[in-house]
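Notes to accompany the following structure.
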Amino acid sequence: MKTVKKAIIPAAGLGTRFLPATKAMPKEMLPIVDKPTIQYIVEEAIESGIEDIIIVTGKGKRAIEDHFDNNFELEDNLVKKEKFELLEKVKQPSKVDIHYIRQKEPKGLGHAVWCARKFIGDEPFAVLLGDDIVQAEKPCLKQLMDQFDETQSSVIGVQQVPDEETHRYGIIDPLTIEGRRYQVSNFVEKPEQGTAPSNLAIMGRYILTPEIFGFLDRQETGAGGEIQLTDAIQKLNEIQNVYAYDFEGKRYDVGEKLGFVKTTVDMALENEEIKEELYKYLAKKIKEQKMTV
Ligand code: UTP
């Protein structure tokens, strides 16, 4: 029986929706309260039992490598000041090996995944995107890995989205349903408004078999002129089962501005250090707003 031990985190995109913040800083390093988004993703992979992570980086993404490296000067300084709690927070995760590969040009998500093919070899693997942070009792990726253990097939994480948002996502056309797992007839990338075959949207968590690389090798461009992972998944589904799994948990869209701010507010309201003051501040703001409208 095969198991999933390796994960790819593509982080080579331009992050244009967050310009100018992302001109010199990777989008994946934007902090949610006090932790960069990519760290939430790495932590989910570790909690799910992943042993090796490869981060696909690109131009201007050095800060990601520095973040997951040891910083002896900083650690030494924190020891001297006896700030042991902070020391724990800045230490490199020890339960996983993190590797890097560069995507020379941001040709799309499918291309970013393809760049990691030699590292993956002939094994099933996970892909986690930093645009989606999921808070769940059982980590989202672990839920998909359990499905893989059962089916030995590719599994794609999905959740329901409202009608007016389907054109922003990869959408599945479900065939049959068993519990939370779907057999899928079609995977469609960003369908035009009003044409989506369902409301089940692909949410940035994938378990894929290595046969996907055979389709990504062809480097065919799709929606937005990019090499789309969803198009290769659609082709993979024609030669072997690819399931979709409606995972449990609250998903945050941190890939766009409003989603990012909502995530920050929610996470800040869970942070012991600041939650009370923030709550008072928000309540005051709402009261003021009501007075002016
Ligand atoms: P997005 O399309 O959301 O990221 O890709 P983006 O292109 O950086 O963002 P915008 O649209 O310009 O604001 C989802 C994930 O795939 C990675 C991104 O870094 C992001 O984590 N990606 C995307 C790559 O690694 N390479 C690419 O060529 C495209």
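Table for the structure above
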| read-out | value |
| --- | --- |
| Residue count for region 90-130, restricted to those that are β-branched (V, I, T) and near the ligand (Cβ under 8 Å from one of its atoms) | 0 |
| Pairs, first within 15 Å of Y206 (Cα to Cα) and outside any helix (DSSP H, G or I) in region 103-116, second more than 6 Å from the ligand (Cβ to nearest atom) and modelled with pLDDT of 95 or more, C-beta under 6 Å, six or more apart | A116/I8; A116/I54; A116/I101 |
| Some residue of region 64-80 being under 17 Å from the mean Cα position of the chain (by Cα) and modelled with pLDDT of 90 or more | yes |
| Failed criterion for V56 (all others in (1) part of a helix (DSSP H, G or I); (2) within 15 Å of the ligand (Cβ to nearest atom) hold) | (1) |
| Only listed residue being of a type outside the set (V, I, T), touching a residue at least 24 places away in the same chain (Cβ under 8 Å) and within 16 Å of the ligand (Cβ to nearest atom), chosen from M203, M267 | M203 |
| Search result, residues across region 134-176 that are in a strand (DSSP E or B), within 14 Å of the chain's Cα centre (by Cα) and more than 27 Å from G194 (Cα to Cα) | V134, Q135 |
| Answer residue from region 210-229, given it is crowded, with 21+ Cβ neighbours inside 10 Å and part of a helix (DSSP H, G or I) and is nearest to the ligand (Cβ to nearest atom) among those | L229 |
| Failed criterion for E273 (all others in (1) of a type outside the set (F, W, Y); (2) touching a residue at least 12 places away in the same chain (Cβ under 8 Å); (3) assigned to a loop (DSSP other than H, G, I, E, B) hold) | (2) |
| Hits in region 234-293 - residues which are closer than 16 Å to I156 by Cα and basic (K, R) | K235, R251 |
| Residues (touching a residue at least 60 places away in the same chain (Cβ under 8 Å) and more than 16 Å from the ligand (Cβ to nearest atom)) located in region 238-255 | Q240, N241, V242, Y243, A244, Y245, D246, F247, E248, G249, K250 |
| Pairs where the first residue, in region 126-137, is in contact (Cβ under 8 Å) with a residue 40 or more places away in the chain and closer than 15 Å to E270 by Cβ and the second is part of a loop (DSSP other than H, G, I, E, B) and more than 9 Å from the ligand (Cβ to nearest atom), C-beta under 6 Å, 6+ apart | I133/V254; V134/G249; Q135/G249; A136/E248; A136/G249 |
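Table: residues versus (1) surrounded by 15 or more Cβ atoms within 10 Å (Cβ to Cβ); (2) small (G, A, S); (3) within 15 Å of the ligand (Cβ to nearest atom).
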| residue | (1), (2), (3) |
| --- | --- |
| T16 | no, no, yes |
| K27 | yes, no, yes |
| P31 | no, no, no |
| V42 | yes, no, yes |
| S48 | yes, yes, no |
| K61 | yes, no, yes |
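The values are calculated or read from the model by the stated rules, or taken from the named source; none is laboratory data. Since this is a predicted model, take the numbers as computed values, not measurements. Every residue, glycine among them, receives a Cβ derived from its backbone with ideal geometry; neighbour counts consider all protein chains shown.
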